[in-house]
Amino acid sequence: MANIHDVSKAAGVSVSTVSRVLNNHPYVKKEKVKAVKKAIIETGYIPNINAVNLKKGKTHLIGIVLPFLDVPYFSQLVQGISQAASVHQYKLVLYQTGYDEHQEKEALEMLKLKQIDSLIICSRKISLETVEHYQQYGSIVLFENGEDTPLSYTYIDHYACFMRALEYLYEHGHRKIGFSINRLEGANSSQRERAYRDFLKLKGLPFHKDYIFKKCLNIEDGERILREIAAFQERPTAILATSDQVAAGIITSSSNYKLKVPRDLAVIGFDDQPIARAMQITSVNIPLYSIGQILFEQAIAEEISHKEVSTELMERSTV
């Protein structure tokens, strides 16, 4: 395999001149640029991109930490990030962690080793203190309300939008409201739970711990919720689902439990994915694609920024 010295010899110029041509240096005579480019073709020389990137201090790679790629919530975020990355000629490195702290730490180590320029964390289990420690090695952006963190972040006010959805159900006559969630320890999930408890207290409604359905993420989990509800003596009349997929699972399985939506059980989903529009599911619209674009812009920006994105309740036929 040809090296830079072979190109230098074939072009009749110094190695430093070849290097300047490879790095698009402006002060190289046209005839020498032409000779070097011809020699590159003749020798079949392939530049060492890693060496070039090391010299420039940039890899043009952006890391993305996300727990699952096959969940529409995260895949739509990635689509938004990918679109913005292509415009700026960046490539993406995906870290699908399954909420494994060790794998999340590996992504942070990639930033430390300069193998990526920036890191976007869509959801995490690792502590915020650990994440903040790695800020010295490159830009880190969070998709959550970082509050006092020195990192850039974009967030949805999950407390406020959950409150609005609960109020909507209350206005429609529901007093026995349950909700599903994936993991209570998550930053966004904890906001939803806090809103739920505060809402019940505000309205003077009793708290039923069984009305909180955990580890719900997919369509199959919606069916599991109905299976659990079937064993209750006092059933909820409405469910705020983790996602549109969980809501769809509830709706498609309802006939198996002799329930009609919304007559016997009102359902609200989250994210307003295509499945919500196709099945006419009332859902909280979260503009994930646009958020992905914002996260990328923050990742390549020099200054720290904090952005809140608004949501909208899309009223359809399941309430």
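In this view, the solvent-accessible surface of I300, computed with a 1.4 Å probe and all protein chains in place, comes to about 50 Å². Going through the cross-link list K114/K307; K214/K258; K201/K307; K125/K214; K125/K215, which pairs have a Cα-Cα distance over 25 Å in this structure? Violating the 25 Å limit, Cα to Cα: K114/K307; K201/K307. The largest-to-smallest principal axis extents of the Cα set in the range 1-139 are 57, 29, 28 Å. How far is helix 30-43 tilted off the main Cα axis of the chain, in degrees rounded to 10, range 0 to 90? Relative to the chain, helix 30-43 is tipped by roughly 70 degrees. Taking label points 7 Å from Cα along the Cα-to-Cβ direction, M314 and V28 give a separation of 5.2 nm. Across every pair of non-identical alpha carbons in the range 58-186, the mean reciprocal distance, once inverted, gives a Kirkwood radius of 16.2 Å.
Taking all protein chains together, H5, H60 sort by accessible area into H5, H60, largest first [probe 1.4 Å].
Set the Förster radius R0 to 45 Å, insert the Cβ-Cβ distance between K214 and E303 as r into 1/(1 + (r/R0)^6), and round the FRET efficiency to 0.05. List each step's numbers first, then the result.
Details: r = 39 Å, r/R0 = 0.86.
The calculated FRET efficiency here is 0.70.
Surface exposure of the range 59-186, expressed per residue as accessible area with a 1.4 Å probe, stands at 43 Å².
How high is the FRET efficiency between E132 and H60 when r is their beta carbon distance and R₀ equals 25 Å, given to the nearest 0.05? If you can, show how the numbers build up before the last one.
Numbers: r = 25 Å, r/R0 = 0.99.
My answer for the efficiency is 0.50.
For the chain, what % of the accessible area comes from carbon and sulfur atoms, probe 1.4 Å? Accessible surface attributable to carbon and sulfur in the chain totals 50 percent.
Please list L202, L295 from largest to smallest accessible area, probe radius 1.4 Å, with all protein chains kept in place.
On the way: L202 125, L295 0 Å².
Highest to lowest solvent-accessible surface, that is L202, L295.
A simple spin-label model places the labels of E234 and H102 4.5 nm from each other, with each point 7 Å out along Cα-to-Cβ.
Where both residues lie in the chain, what percent of DSSP beta bridges are antiparallel, nearest 5? Before the final figure, lay out the partial values.
Details: 3 of 35 bridges.
Beta bridges within the chain, antiparallel portion: roughly 10 percent.
The heavy atoms of H306 present about 90 square angstrom of accessible area, all protein chains included, probe 1.4 Å.
Using the Kirkwood formula over every pair of different C-alpha atoms, what hydrodynamic radius in Å results for the chain? Please report the intermediate quantities before stating the final value.
On the way: mean 1/r = 0.0447 Å⁻¹.
Answer for the chain: a Kirkwood hydrodynamic radius of 22.4 Å.
In the chain, helices alone account for a calculated mean residue ellipticity at 222 nm of -13500 deg cm²/dmol, with every DSSP H run of four or more residues adding -39,500 (n - 2.57).
Each residue of the range 109-123 was assigned a 3J(HN,Hα) from its phi angle through the Karplus curve 6.51 cos²θ - 1.76 cosθ + 1.60 (θ = phi - 60°); the sequence is 5, 4, 5, 4, 7, 6, 7, 9, 7, 8, 9, 9, 9, 7, 6 Hz, with glycine and proline shown as x.
Per-residue SASA remark: E312, around 110 Å² accessible (1.4 Å probe; ligands, DNA and RNA not included).
Going from most exposed to least, what order do D264, D210, D148 have by accessible area with a 1.4 Å probe? Intermediate values should be presented prior to the final figure.
Working: D264 55, D210 85, D148 150 Å².
Largest accessible area first, the list is D148, D210, D264.
Accessible surface computed residue by residue for the range 206-319, with neighbouring protein chains in place and a 1.4 Å probe, gives 48 Å² per residue.
The values are calculated or read from the model by the stated rules, or taken from the named source; none is laboratory data. Keep in mind the model is a prediction, meaning the values are calculated, not measured. Virtual Cβ from ideal backbone geometry, glycine too; neighbours counted across all protein chains shown. Protein only, heavy atoms only, side chains kept; ligands, DNA and RNA dropped before computing areas. Shrake-Rupley method; radii C 1.70, N 1.55, O 1.52, S 1.80 Å.
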